[in-house]
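Just below is one structure, and these are the notes that go with it.
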Amino acid sequence: MEDIRLHDLRHAFASMAVMGGMSLPIIGKILGHKQIATTQRYAHLASDPIKEAAASVAGQIANALNGNASAEVKTLAR
């Protein structure tokens, strides 16, 4: 692979780890970051997982509002 730097691989690793559900503190530890802000800059999210997550939450809300028995409804504290 040409024109790939170690820095590029670290960014790719962090992004893939976030998209795989790994937490930023864990990724930061793996990469040797002392501050979570550094890890946040490394962990670029692709737009597809963000859209999928938003659609999933919206679907759960819609199911709850429509009285779907399989929807999990939690009472929020005031």
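Between Q60 and A77, with labels modelled 7 Å along Cα→Cβ, what's the label distance in nm to one decimal, could you check?
1.9
State, to one decimal in nm, how far the label point of K51 lies from the label point of I30, with both points 7 Å from Cα in the Cβ direction.
Result: 2.6 nm between the two label points.
For every other residue with a beta carbon closer than 15 angstrom to the beta carbon of Q40, add +1 if it is Lys or Arg and -1 if Asp or Glu, then tell me the sum.
Net charge in that neighbourhood comes out at +4.
Using 1/(1 + (r/R0)^6) with R0 = 22 angstrom and r between the beta carbons of Q40 and H7, what's the FRET efficiency to the nearest 0.05?
Once rounded, the FRET efficiency stands at 0.85.
Read-outs throughout are calculated quantities, based only on the coordinates presented, and are distinct from any laboratory measurement. Keep in mind that what you see is a predicted model, and the values were worked out from it rather than measured. So basically every Cβ, Gly included, is an ideal-geometry build from the backbone, and we count neighbours across all protein chains shown.
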